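The values are calculated or read from the model by the stated rules, or taken from the named source; none is laboratory data. Quick caveat, the model's predicted, so the values are computed rather than measured. Cβ atoms come from the backbone with ideal geometry, glycine included; neighbour counts cover every protein chain shown.
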Amino acid sequence: MDELIDAATLQLKKMSYSSLTVDWYLTIWRGLKKYIIRHKLDSFSERIGSKYIYDNLGGIDYDQMTKKERYMVRAIKTLVMFQETGKMKRKVSSITRIFDGEIGLAMTDFFEHQSNQGISPRTKEHYRLNLHEFLQYLKGQGISSLGSITRMHLLNYIATISEEQEGKKSNSFTCGRMFFKYLRETNRIENDLNKMLPKNNFIKKKALPSHYSKEEIEKVLSTIDRSNPKGKRDYAMMLLASRLGLRSSDICNLRFNEILWESNLIKLTQQKTKIPIELPLIHEVGEAIIDYLKYGRPISDEPYVFLHVISPYRNMANGNLYSIAGTYFRRAGFNHKEDEESMPYVIVWQEFC
């Protein structure tokens with residue numbers, strides 16, 4: 001715990017937090033450390049953080065907390081994020097999801113279990129969003145124990161979601177089903193609620209086009225102004241998507257040590273699937289990356305290849321490439337929303353598939 005607190009404190013200072021803020025965080029983290037020692041816990045985790053908040057603040061809603069109480073939640077949330085990702089967000093989201101009570105703590109155990117199974121941080125956040133809303137629904141129904149949950153609670157909750165949000169209905173159903181399955185496998189509930197649920201028959205959105213032609217891709221790439229740092233970065237990222245078929249998350253998180261220049265290879269473990277892949281670093285892609293590194297990338301010690309063009313020069317978020325691609329798709333005359341959503345997954349040239 002000391003090592004985690006020391007590293008997190010150093011990160012706060014690197015991000016130029018005020019000494020007063022650093023002291024506030026340290027006070028809360030030291031209180032958390034005493035709590036862990038007092039309860040003879042092995043190590044810190046998201047579940048322990050949630051339990052610490054619940055034991056100190058009870059089940060009070062975030063909107064009803066005092067400024068001091070919100071600071072505690074923010075400090076614990078920051079420490080959890082740093083432990084899991086090695087990063088901190090300068091601005092903590094105003095939407096703070098607290099998983100308290102017997103059901104909430106079981107959900108945090110579920111999230112930890114899923115992380116151990118190798119799911120990506122993005123998928124974990126997807127589970128957190130959907131299950132937190134389900135948790136709030138259960139609270140409104142007066143359900144506070146795992147044994148009181150029935151399959152109808154999930155089905156009735158989904159019925160409250162607007163018919164226009166078909167995707168959310170389907171996602172909420174899947175997340176609830178996975179949570180029920182976990183509860184039964186860990187013997188936390190007697191009935192197998194997962195098997196009592198009907199099939200997921202919620203309407204899915206229509207499939208996206210399978211690929212774009214070589215000519216269409218060239219039209220999109222030709223709209224990128226490569227005379228400036230942003231254009232050089234965007235062009236290299238778009239080539240990685242269109243020529244090699246890399247996912248947005250893999251491009252945004254590409255590190256220098258994953259590019260093997262001498263072997264003309266890119267070797268990485270995919271963010272979403274955790275499956276290692278090896279791709280040829282074709283000449284065109286390599287030249288674009290070199291052009292960006294020489295004449296476009298800000299001076300930075302970050303291990304990531306692609307950075308924001310405006311200070312602070314951090315690596316790109318997983319979804320940034322969608323926004324970038326959307327701009328160039330519109331310039332090229334592709335104005336349908338589905339064109340942007342299908343980028344970068346399906347724009348691979350057929351000869352590179």
Pairing a residue in the stretch 237-255 that is farther than 12 Å from Asn320 by Cβ with any residue that is among the acidic types (Asp, Glu), where Cβ atoms lie under 8 Å and the two sit 6 or more apart in sequence or on different chains, gives Leu239/Glu284; Arg243/Glu284
Taking first residues from the stretch 168-180 that are closer than 10 Å to Leu129 by Cβ and second residues anywhere that are of a type in the set (Asp, Glu) and modelled with pLDDT of 85 or more, the pairs with Cβ under 8 Å that are 6 or more apart or on different chains are Ser172/Glu133
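Specify the residue that is surrounded by the most Cβ atoms within 10 Å (Cβ to Cβ); the eligible residues are those in the stretch 111-151 that are of a type in the set (Lys, Arg) and over 20 Å from the mean Cα position of the chain (by Cα).
If we filter the stretch 111-151 for residues that are of a type in the set (Lys, Arg), which is where we start, we get 122, 124, 128, 139, 151.
When the remaining residues are screened for being over 20 Å from the mean Cα position of the chain (by Cα), the result is 139, 151.
Values: Lys139: 16, Arg151: 18.
If we take residues in the stretch 111-151 being of a type in the set (Lys, Arg) and over 20 Å from the mean Cα position of the chain (by Cα), then Arg151 is surrounded by the most Cβ atoms within 10 Å (Cβ to Cβ).
Restricting to the stretch 144-175, what's the tally of residues that are hydroxyl-bearing (Ser, Thr, Tyr) and outside any loop (DSSP other than H, G, I, E, B)? Reasoning before the result, please.
Just the residues of the stretch 144-175 that are hydroxyl-bearing (Ser, Thr, Tyr), to begin with: 144-145, 148, 150, 157, 160, 162, 170, 172, 174.
If we keep only those that are outside any loop (DSSP other than H, G, I, E, B) as well, we get 148, 157, 170, 172, 174.
Within the stretch 144-175, residues that are hydroxyl-bearing (Ser, Thr, Tyr) and outside any loop (DSSP other than H, G, I, E, B) number 5.
Confirm whether Lys14 is of a type in the set (D, E, K, R), surrounded by fewer than 17 Cβ atoms within 10 Å (Cβ to Cβ), under 22 Å from Asp109 (Cα atoms) and out of contact with any strand residue (DSSP E or B) (no Cβ under 7 Å at 6 or more places or on another chain). Give the derivation first.
Details: of a type in the set (D, E, K, R): yes; surrounded by fewer than 17 Cβ atoms within 10 Å (Cβ to Cβ): yes; under 22 Å from Asp109 (Cα atoms): no; out of contact with any strand residue (DSSP E or B) (no Cβ under 7 Å at 6 or more places or on another chain): yes.
Spelling it out, it is not the case that Lys14 is of a type in the set (D, E, K, R), surrounded by fewer than 17 Cβ atoms within 10 Å (Cβ to Cβ), under 22 Å from Asp109 (Cα atoms) and out of contact with any strand residue (DSSP E or B) (no Cβ under 7 Å at 6 or more places or on another chain).
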Qualifying residue in the stretch 75-84 (condition: farther than 17 Å from Gln11 by Cβ, among the hydrophobic types (A, V, I, L, M, F, W, C) and modelled with pLDDT of 85 or more): no
- Message: Going by what's in this entry, would Asp109 be described as of a type in the set (D, E, K, R) and modelled with pLDDT of 85 or more?
- Response: yes
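Restricting attention to the stretch 24-61, and to residues there that are assigned to a helix (DSSP H, G or I), hydroxyl-bearing (Ser, Thr, Tyr) and out of contact with any Ser or Thr (no Cβ under 6 Å at 6 or more places or on another chain), which single residue is modelled with the lowest pLDDT? Steps first, please.
Going residue by residue through the stretch 24-61, those that are assigned to a helix (DSSP H, G or I) are 24-38, 46-57.
If we keep only those that are hydroxyl-bearing (Ser, Thr, Tyr) too, we end up with 25, 27, 35, 50, 52, 54.
Still in the running and out of contact with any Ser or Thr (no Cβ under 6 Å at 6 or more places or on another chain): 25, 27, 35, 52, 54.
On the way: Tyr25: 90, Thr27: 92, Tyr35: 89, Tyr52: 86, Tyr54: 78.
Residue satisfying both the conditions and the ranking: Tyr54.
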task: Answer yes if at least one residue in the stretch 176-197 is of a type outside the set (A, V, I, L, M), surrounded by 12 or more Cβ atoms within 10 Å (Cβ to Cβ), outside any helix (DSSP H, G or I) and modelled with pLDDT under 90, and no otherwise.
output: yes
Residue pairs qualifying under the 7 Å Cβ cut-off, at least six apart or on distinct chains, with the first in the stretch 295-314 being assigned by TED's automatic domain parsing to the domain that holds Lys14 and without any contact (Cβ under 8 Å) to a residue 60 or more places away in the chain and the second being part of a loop (DSSP other than H, G, I, E, B) and aliphatic (A, V, I, L, M), are none
Q) Would you say Leu32 is closer than 29 Å to Thr123 by Cα, more than 24 Å from the chain's Cα centre (by Cα) and not small (Gly, Ala, Ser)? A) yes
Of the listed residues (Leu138, Leu131), the one being over 17 Å from Ser50 (Cα atoms), at pLDDT 90 or above, part of a helix (DSSP H, G or I) and aliphatic (A, V, I, L, M) is Leu138
Taking the stretch 269-286 and keeping only residues that are surrounded by 13 or more Cβ atoms within 10 Å (Cβ to Cβ) and farther than 21 Å from Lys124 by Cα, one is left with Ile277, Leu279, Pro280, Leu281, Ile282, Val285, Gly286
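Could you look through the stretch 152-164, keep only residues that are of a type in the set (A, V, I, L, M), farther than 11 Å from Gly176 by Cα and loosely packed, with under 15 Cβ neighbours inside 10 Å, and pick out the one that is modelled with the highest pLDDT?
Pass one, the stretch 152-164, residues of a type in the set (A, V, I, L, M): 152, 154-155, 158-159, 161.
From what's left, farther than 11 Å from Gly176 by Cα: 152, 159, 161.
Then keep just the ones that are loosely packed, with under 15 Cβ neighbours inside 10 Å; that gives 152, 159.
Details: Met152: 88, Ala159: 83.
Checked the stretch 152-164; the qualifying residue modelled with the highest pLDDT is Met152.
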